[in-house]
Structures are given as structure tokens and as C-alpha cells.
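Worksheet: the structure to be examined is printed underneath.
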Amino acid sequence: MPVSTCRLAHLSLPNSEMHIALRPEGIPHLEALAADPGTMLLFPGPGSVDVSELSEPPRTLIVVDGTWINARKVVERSPLLSALPRIGFTPSKPGNYRIRKEPAEHCLSTIEAVAYVLEALEDAPDRFTPILGSFDRMVDLQLEYIALRPQTRPALPPKPMAEQRVLLERLRGAGDRRVLVFADGRAGDEGSEPGPAELLHWVALRPATGEVFESLLRPRRPPTSYVAVRMDGSVARPEDGESLEDALARWRRFGSPDDVLCTWGTFSTDLLRAEALDVAEHVDLKRMATGLANSRLGGLEHLAQRLGATLPDARAARTLAALDTIIEGMLADRLRGLAG
């Protein structure tokens, strides 16, 4: 994130390490650190010990960076992190992160929390205060830019309604040729291991008949922890997954050249095209919904729930159920009532 303070803290502390991941599991160095008896986690809340009450400081302190909601999920979903002893503290004054709204006065940015806790652990008041200089300057710069920026969000440009209506009639007349598609995998630029895009999970539903296509593909290179977490763990082992060639052969038996493929956004179609699949007859329901309502309507699942959907837990099934609900909402002309 452009205004994340994690990188500022890392650059300010020579003995620090910064790792971009959603969990330590699967990263040997982080697993070893988390398993060391001298490691503690800086995370407030029930079960944390105030830093002033520690008899001795930890050898390693792990700090999770992100929004409060995201950081909590990272800790809760990691067996190694959730098992660590926790440190907390109550700051003597509110933080200076004035460009973001914190959930409570005692909530600080990552770099402020690190400076505060290191001074307490080393019993060295003001020793780490100088590292906050770059943070304060960043906040001041952002506030200057905010002051120069127009205070009202510009109106959405008018959408080509004729085009959206044509697409709507195409969906209405597609019948059993309407196919909902979910594809996931490696976009090609996650984390520190950039490379070509790679399709790993591919699911499609033909609502008129109930036919389902699903393939969990054999990874051609190890997926990053970011990919594994985002896919709810739906990554095949190299020895168990289906080959891309077999999946494409099954898809040709499932599909038809005149099918109308429906996705939310372009991520799925970009992955499929990267694997040389023809997705020319394609409807981006996200763009179409925005055009029909002439308004932003929120994310896929949020919009489906506003239309009354109860979504399943599994990510692929949840996506397909949401797509089906949104199409029915479009056909019933219910989206304009949700605008605003």
C-alpha cells in the first residue's frame, strides 16, 4: 500500500526483516522464527501481556501489518502466529496517522507501535522516536495533497445504455448457452516471484441444466502463500492435479462455441486467455451491472446479498451463486433500485 508504514519501519531498523505474505506457514525462515521460544507477537487484545510487565524482552518480535480487520484475520488463520505469546500496550497519546481513521484512540500505525514498544522493551525513552520523522513527513505530504484535491467525487461518466441493453437481451435469450465462469490462480505478479500467469482452479456452471465443470489443475511451479490463502487452500499437489491439456479437452466436451461466458470483472478471462482459451463470447457482469444502474453497486458478493442471495462457503461456489443472482436481478430490472 502506498501509505503503509511497515516499509518505513523496516528501512529505519537495520536488524529488521520485512516479509510480504499472509501467513508464515510454508516459508521455512518464518516458520523457524515463529517456532523459536524467544519469539513474541505484537498484537493487542485478550491474552496479551503489557510490555511493561515482561521480565525480559523477546529475542524476536513479529509485527503484523495491515488494516485492523486484515491483521486479525492473518493472526487467527495462522496456527503458528495464533500460538505465540502476545505483547500489548496502551500508548500515552493518540497516534499521528491523521490521513486514516483508526478504530480507537489507542490504535497506532505500525511504525508508531514499533517505536513505542522498542523503547519500552529496551527501557530507552525517545531512542526510537527519530524513526517517526519520515512517517510524520509522509502524513504531512498526504494532507497537503488532500487539501489540493477536489472535495467531491466526480460523477460517473454516462454509460452507453444501448450497449448494456444489447448485452441484457443476449443474456435473456441465451438459455442453456449461458455459462457462469470462475477461474483463479497466479496472476503473474504476486509477491517476490513474478512470472507468467497460471490457471489453477477452474469452475463453470450452466444454470439452465445444472451441469458443472470443475478442474483443479496441476501447478507448474509452487504457488505463493498469497495465492494459496486467496484460493481457500484450493491448490492441487503437483502429483494430484489435472493437466492443463486434460482440462481443456474436458472443457471442449462441456462447452460450445456459441456459449455466452459470464464472469465478474476480467481476472478470470485474463487467466483463461493466458492459457490459450478462446473467450471471445464473453460478458463482464461487473461492467454491465454498473452500466445498467449508472452507479457503482459494490463488490460481487455484497451486490448478490443485497439482491437477497444466501451464498455458500466455498469461494468458487460462492462466486457462481452470486453471478447467477446478479443475472436474475438484471433480467428483472432490479439493479437501478439499488443504485446510490
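The values are calculated or read from the model by the stated rules, or taken from the named source; none is laboratory data. In this text the structure is predicted, and so the values were computed from the model without any measurement. Glycine also receives a Cβ, built like all others from the backbone with ideal geometry; neighbour counts cover every protein chain displayed.
The set of residues from the range 293-340 being touching a helix residue (DSSP H, G or I) at 6+ places or on another chain (Cβ under 8 Å), closer than 18 Å to T266 by Cβ and part of a helix (DSSP H, G or I) comprises L300, E301, L303, T319, A322, L323, I326, I327. Pairing residues of the range 285-305 that are assigned by TED's automatic domain parsing to the domain that holds E328 with residues that are among the aromatic types (F, W, Y) and surrounded by 21 or more Cβ atoms within 10 Å (Cβ to Cβ), at Cβ distances under 9 Å and at least 6 apart in sequence or on separate chains, gives L285/W264; K286/W264; A289/W264; G299/W264; L300/W264.
Taking L22, is it assigned by TED's automatic domain parsing to the domain that holds I131, within 27 Å of the chain's Cα centre (by Cα), crowded, with 19+ Cβ neighbours inside 10 Å and at pLDDT 90 or above? Walk me through it before giving the result.
Details: assigned by TED's automatic domain parsing to the domain that holds I131: yes; within 27 Å of the chain's Cα centre (by Cα): yes; crowded, with 19+ Cβ neighbours inside 10 Å: yes; at pLDDT 90 or above: no.
In short, no.
Among the residues of the range 119-141, the one identified as β-branched (V, I, T) and in contact with a Leu (Cβ under 8 Å, 6 or more places away or on another chain) is I131. The single condition among (1) in a loop (DSSP other than H, G, I, E, B); (2) under 24 Å from E119 (Cβ atoms); (3) more than 23 Å from the chain's Cα centre (by Cα) that P46 does not meet is (2).
Let me spell it out: the conditions are (1) in contact (Cβ under 8 Å) with a residue 12 or more places away in the chain; (2) surrounded by fewer than 13 Cβ atoms within 10 Å (Cβ to Cβ); (3) assigned to a loop (DSSP other than H, G, I, E, B), and S52 meets all of them except one. Which number is the exception? The single condition S52 does not satisfy is (3).
Considering only residues that are surrounded by 15 or more Cβ atoms within 10 Å (Cβ to Cβ) and among the hydrophobic types (A, V, I, L, M, F, W, C), look in the range 268-283 and name the one that is nearest to the chain's Cα centre (by Cα).
Of everything passing the filter in the range 268-283, L271 is nearest to the chain's Cα centre (by Cα).
Scan the range 11-33 for residues that are of a type outside the set (K, R), in a loop (DSSP other than H, G, I, E, B) and out of contact with any Gly (no Cβ under 9 Å at 6 or more places or on another chain) and the total you get is 12.
For the range 202-243, the set of residues classified as modelled with pLDDT of 85 or more and of a type in the set (D, E, K, R) consists of R206, E211, E214, R218, E242, listed by residue number.
Mind checking which residues of the range 302-320 are more than 14 Å from A183 (Cα to Cα) and among the aliphatic types (A, V, I, L, M)? Listed by number, the residues that qualify are L303, A304, L307, A309, L311.
Hey, can you tell me all the residues within the range 71-94 that are among the β-branched types (V, I, T) and either in a strand (DSSP E or B) or not assigned by TED's automatic domain parsing to the domain that holds S55 (or both)? Selection gives I87 alone. Taking the criterion of being closer than 13 Å to D333 by Cα and at pLDDT 85 or above, the residues of the range 287-303 that qualify are M288, A289.
Applying the criterion of being touching a residue at least 40 places away in the same chain (Cβ under 8 Å) and more than 16 Å from N96 (Cα to Cα) to the residues of the range 119-140, the residue that is surrounded by the fewest Cβ atoms within 10 Å (Cβ to Cβ) is E122.
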